[in-house]
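The structure appears below as structure tokens.
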Amino acid sequence: MIARTAAAVDETRRAAELVDDVYPGVGFHYVDTLATSARAVLAHADGDHQLAVELSSSVVEPLAEALAFPERGHALLLLGQAKIALGDRSGLDAVRSARDVFAELGMQPALAEAEALLEGEVVAEA
């Protein structure tokens, strides 16, 4: 969440320093997964979409295994956004999966974000 907030206010450098200080690789799988997820958000915000794809795709299943469904939804959304930014239309599948997670959990703002992205991409295809 810190990383998403930092990306929204364009403070990715400070957030990256915080992530590296707080999560230096503690060896606890869930914490390391969250740190990787944060790094994916920051990479995407900094325009490194390929790194964002690599990192976010590596955390989707571990987050599901940890029953961290809201974070899994955000990781799927980010994966989709980063793939789309790279011109990879398969990112829409990840966004659809994120939308389904957010709908099931009643996460209205995140659901609206996913739906808006899907609607924008459908319009772009037409």
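The values are calculated or read from the model by the stated rules, or taken from the named source; none is laboratory data. This is a predicted model, so every value here is computed, not measured. Using ideal geometry, Cβ is built from the backbone for each residue, glycine included, and neighbour counts are taken over all protein chains shown.
A compact table of results
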{"read-out": "Test: residue in region 13-34 that is within 25 Å of R89 (Cα to Cα), modelled with pLDDT of 60 or more, touching a helix residue (DSSP H, G or I) at 6+ places or on another chain (Cβ under 6 Å) and among the hydrophobic types (A, V, I, L, M, F, W, C)", "value": "no"}
{"read-out": "Filter result for the condition that a residue is modelled with pLDDT of 95 or more and either touching a helix residue (DSSP H, G or I) at 6+ places or on another chain (Cβ under 7 Å) or more than 19 Å from H44 (Cβ to Cβ) (or both), over L117, L86", "value": "L86"}
{"read-out": "Helices (runs of 4 or more DSSP H) enclosed by region 69-126 - at least 1 residues per element that are over 15 Å from the mean Cα position of the chain (by Cα), free of Cβ contacts under 8 Å to residues at least 12 places away in the same chain and surrounded by fewer than 21 Cβ atoms within 10 Å (Cβ to Cβ)", "value": "91-105, 108-125"}
{"read-out": "Tabulated pairs, region 30-42, first free of Cβ contacts under 8 Å to residues at least 24 places away in the same chain, second aliphatic (A, V, I, L, M), C-beta under 8 angstrom, 6+ apart or interchain", "value": "D32/V26; A35/V19; A35/V22; T36/L55; T36/V59"}
{"read-out": "A64 vs. criteria assigned to a helix (DSSP H, G or I) and either within 22 Å of E119 (Cα to Cα) or in contact (Cβ under 8 Å) with a residue 24 or more places away in the chain (or both)", "value": "no"}
{"read-out": "Subset of region 40-54 that is of a type in the set (G, A, S) and under 9 Å from the mean Cα position of the chain (by Cα) - its residue that is modelled with the lowest pLDDT", "value": "A40"}
